[in-house]
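The values are calculated or read from the model by the stated rules, or taken from the named source; none is laboratory data. Values in this document were obtained by computation on a predicted structure and should not be read as measured data. Because the Cβ atoms are built from the backbone with ideal geometry, glycine has one as well, and the counts that use them run over all protein chains shown.
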2 protein chains.
Amino acid sequence: MIREILKVTERPDIISFAGGLPDPAFLDVAGVARAAGEVLGKDNCAALQYATSEGFLPLREWIAGRYRTRFGLSVDPGEILITNGSQQALDILGRIFIDEGDPVAIEAPGYLGAIQAFSQYLPVFHPVLLGPEGPDTSELSRIVSTEGPVFFYAIPNSQNPSGISYSTRRREEIASIISDSETVLIEDDAYGELQFTGDRRPSFSRLLPRDRVILLGSFSKIFSPGMRLGWLCAEREILDHAVTAKQASDLHSNILAQRILHRYLLCNDIDAHISRIKKTYAARCSLMLNLMDELFPGEVSYTRPDGGMFIWLTLPSPLSATELYRRALAENVAILPGTPFYTNGAGDRGVRLNFSNADEEKITEGMTRLARVVHAYIRECRKGQSRRRPEKEQK
Amino acid sequence: MIREILKVTERPDIISFAGGLPDPAFLDVAGVARAAGEVLGKDNCAALQYATSEGFLPLREWIAGRYRTRFGLSVDPGEILITNGSQQALDILGRIFIDEGDPVAIEAPGYLGAIQAFSQYLPVFHPVLLGPEGPDTSELSRIVSTEGPVFFYAIPNSQNPSGISYSTRRREEIASIISDSETVLIEDDAYGELQFTGDRRPSFSRLLPRDRVILLGSFSKIFSPGMRLGWLCAEREILDHAVTAKQASDLHSNILAQRILHRYLLCNDIDAHISRIKKTYAARCSLMLNLMDELFPGEVSYTRPDGGMFIWLTLPSPLSATELYRRALAENVAILPGTPFYTNGAGDRGVRLNFSNADEEKITEGMTRLARVVHAYIRECRKGQSRRRPEKEQK
C-alpha cells in the first residue's frame, strides 16, 4: 500500500503530504559539485578504490566533533561506523540483536523504516504508546521488566511519524527504567538537528552508561538523502559486531560520497545551512497548524511539533484514515494513513502529514481541500450513525 | 585473520599479492570528475534526493543493453536491481533464499565474500570441488539430488579465488544437472568482462530457463570498487523479493553515484577502457606464471587463468599455507592462505595470489622472494621428515 501511495505522489497534479522528502531547495547541488570537483580534482585514486568497512576516518572524526559540540559527549571516532543512511544502521542492529522471537520495544506509532528493517529478523514487537511528552513510562516499565526486550528503539526528537519530542523529565524516567534492565536503548536522532525552538533536550547518551545507548545519525535531512549517508555510534564491542555485519552486507559505504560529504562539511557553513532549513520548515509547520486550527473540525486532534518534518493527526471514531486517504486522493491530495506505523494492526485513526516538501501555496491549497474532505466525511458518518440508530434518536 | 592480513598489506614496505584491488591506474578519476560535473552541473536536485529502490532506470537500461551485446540475452530493465556492489546482492540473496539449516551448494575453493554473506543466514554449505574445467559434476549431481540445495553459487568466469573458468562442456553438464532439480543457479560474473583471450563461453542464462538463473554483475573491476555499484538480474518474482529486501536494507543505492556512473558510460568508451585493463592484467598474469614456472619447485602446482585477477597455488603436503604466509611476511611479501575460501576448514594447502594490483617490477621482486621462501620451507620440511623417520631411511 505504501508503495502504491508513494507512486501516486509522483503525479504532478497531486499535492502530497504523504512522503518524507526534504525540500529540494535545500539540496545544495552547487556546493556538492564544488566538493566533488575538489575531491576528484587531485587525481585522487583513493576516492574510487576499495576502502575500510568502518568508513572514512576524517568523516568519523567530524561526527565525533559534532557530538562534542551538540551533546557535550566525548566519542572516539573508533566508536563510529558509517552506514548507508540510518536505514542500514537499523538493518545492521536488527541483524546483530534480534534472533527469531526476541522481544523488541518500539514506539507506537513507530518509524515505518525501523519496523520494516527489524521485521526481517522476526522479533516480537512490544509497542509503547506515545503521548505528548513521550512514551508511556508505566507501559515501558512493564514491558522492560516482564518481557526483557533486547532493545527499545526510540526517536526522542521530532519523532517520525508523530512529530513529538520527549520532555526532559520523561527522558529521565525512561533512563531510570532502562538502567535497571538488560535492555539497550537505540536513540535514532535523524531529526535532532531540526529543532525549531527552545532548549536542546538531553540525549540519552548523557543519562545512561555508554554501553547502554546506541546512537544513530543521518545526513539525509541536513545534506542529501540520495547520497545515503548516516552512522551508528556505539561502544567498541557492539561496534565490532556492527562492522562485521556491514562488511558482509556491502563491504563499505560509497567512499566517493563519504569524501564529498566530508569536503562539503569542511568548506561550507553547515550550521547556517541548517538554520535556513529550520526557518523554512518552522514556517511551513506553523502555517499547516494554523490552517488546521482554523479549518478542521474540533473532533480532529493533532500534535504541535517544534521540529522535524511531520504532524500526526488523529481522527475521531468511527473515521478511517485509509478511507480518508481515498477521499483526499479524489481531491488530488495525498496523505499517509497510520496503520503501517503500528506493529499490531492499530492506527487507522492516525494520519501522518509531511510539511517539509510542499511550499506555502501548496500547503494552503492542500490543507483547504483536506479540511473540506474531513468535514464531508464526518457529516457523512454522523448521518450514517443517525440512520443506524433511529429508535434511540426518536426517544 | 583476513582483517589482520589486509591491514598488513597497507604497509608501504610490503609487496602484496593478498588483496583483490584493481590497479589504481585504471581508476579514471578525471573521467569520473567530468561525469560528476555534468551530473551536478545542471542544478539537478534529483541527483541528491531520495530515489527508487530498484535503481536509476537509465543505468538499468544500459545494463540490459550490455546483456544483449555480451550474451545475446534479452533482459527487461525491470528485471534488474542496482546493489551496493555484488556483495550486497549476495547478502540480499542469502536473506531471501536461506532459512537456518537450508542446504547451499558452493564452489571449493569458494568466494570469501559470498561465504561471509551467506553464513549470516546459517545455511549448511555443501562444497563442490573445482578442477581445471570447473566444478566436479558427479559431486554436484549427488548434492543436488540428495540434499536439494536452495541454490548453487558459481563464478563460471575467472573464478575468485581459483582463477579457473568453466569449460563450455562442463557448463552444459551443470545446466543439465540444475534443470532436472529445484535448485537455482546464481551466476556471479564479476570477472566476465576481464577474459584475456579465447572465445566467450556461454552464460548459464543461455543454457537454463530464465527463472532458474540469477545473474550478478559488478562495476567494481571495470569502473570503481569504491563507488560500490553492482546489480542483480532475475525474473520478476525473485526480483520483487530482492527489491523489498533492498528497501529494508538501505532504501536504495547512492543515486549520485548511479547517475555519475551512467553519465560516465555514455561519455566514455568503456570497451576501450576494458581492453586496456585486460592488456595490463594479462601481461602481469603471464609474468607471474612465467616466474613461477622458472623459480618455483615442481611440487608446487598452480592454475593458469585466462582472465580475472587471481592465480591459485597448491602447496605439496605437508606444507601449510598459513605457515607460508608467516614466512613470506618476514620477507615483506603478503599472500592469502586458502582456508577462508573453504566452508569446511580445508584449504591450508591453497594460496590465492593477486596479479592486478602490483606492477611488473614488484611482481618480479615479490615472486622471487616468495620462491626463495617456498624452496626453504620445502627443504626444511624434507629435513624434518627425514629426522622423524631415521629407521626407515637407514634401511
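Structure notes:
- Just one of the listed residues (A:R236, A:R169, A:R212) is over 30 Å from B:A36 (Cβ atoms), in the same structural domain as A:P103 (by TED's automatic domain parsing) and in contact with a Leu (Cβ under 7 Å, 6 or more places away or on another chain), and it is A:R212.
- Screening A:P22 on (1) surrounded by fewer than 18 Cβ atoms within 10 Å (Cβ to Cβ); (2) closer than 28 Å to A:A242 by Cβ; (3) within 14 Å of chain B (Cβ to nearest Cβ) shows it passes everything except condition (1).
- Hey, A:D13 more than 7 Å from chain B (Cβ to nearest Cβ), more than 24 Å from the chain's Cα centre (by Cα) and over 27 Å from A:I80 (Cβ atoms) or not: yes
- Qualifying residue in region B:51-69 (condition: over 30 Å from A:S220 (Cβ atoms), in a loop (DSSP other than H, G, I, E, B), in contact with a strand residue (DSSP E or B) (Cβ under 9 Å, 6 or more places away or on another chain) and hydrophobic (A, V, I, L, M, F, W, C)): no
- Yes/no for A:G72 being free of Cβ contacts under 8 Å to residues at least 12 places away in the same chain, within 27 Å of the chain's Cα centre (by Cα) and away from chain B (no Cβ under 14 Å): no
- Looking across region A:247-282 at every residue that is of a type in the set (K, R) and closer than 26 Å to B:V29 by Cα, the one that is surrounded by the fewest Cβ atoms within 10 Å (Cβ to Cβ) is identified as A:R263.
- Inside region A:212-255, residues that are more than 9 Å from chain B (Cβ to nearest Cβ), touching a residue at least 40 places away in the same chain (Cβ under 8 Å) and part of a helix (DSSP H, G or I) make up a count of 7.
- Here is the figure for region B:154-198: residues that are in contact (Cβ under 8 Å) with a residue 60 or more places away in the chain and within 24 Å of B:Y121 (Cβ to Cβ) total 8.
- The residue of region A:96-129 that is nearest to A:I174 (Cα to Cα), among those that are within 12 Å of another protein chain (Cβ to nearest Cβ) and buried (at least 24 other Cβ atoms within 10 Å of the Cβ), is A:A114.
- Flag: B:K221 does not match the condition of being closer than 22 Å to B:A46 by Cβ, in the same structural domain as B:L48 (by TED's automatic domain parsing) and among the basic types (K, R).
- Meets criteria (more than 13 Å from chain B (Cβ to nearest Cβ), under 20 Å from the mean Cα position of the chain (by Cα) and of a type in the set (A, V, I, L, M)) for A:A282: yes
- Candidates are the residues of region B:370-391 that are modelled with pLDDT under 95 and among the small types (G, A, S); the one that is farthest from B:T322 (Cα to Cα) is B:S386.
- Residues in region B:93-126 that are of a type outside the set (A, V, I, L, M, F, W, C) and either closer than 18 Å to B:A346 by Cβ or assigned to a strand (DSSP E or B) (or both): 9 in all.
- Matching option when the condition is in contact with an Asp or Glu (Cβ under 6 Å, 6 or more places away or on another chain), more than 14 Å from chain A (Cβ to nearest Cβ) and either over 22 Å from B:P24 (Cβ atoms) or part of a loop (DSSP other than H, G, I, E, B) (or both), among B:P305, B:P297, B:P316: B:P316
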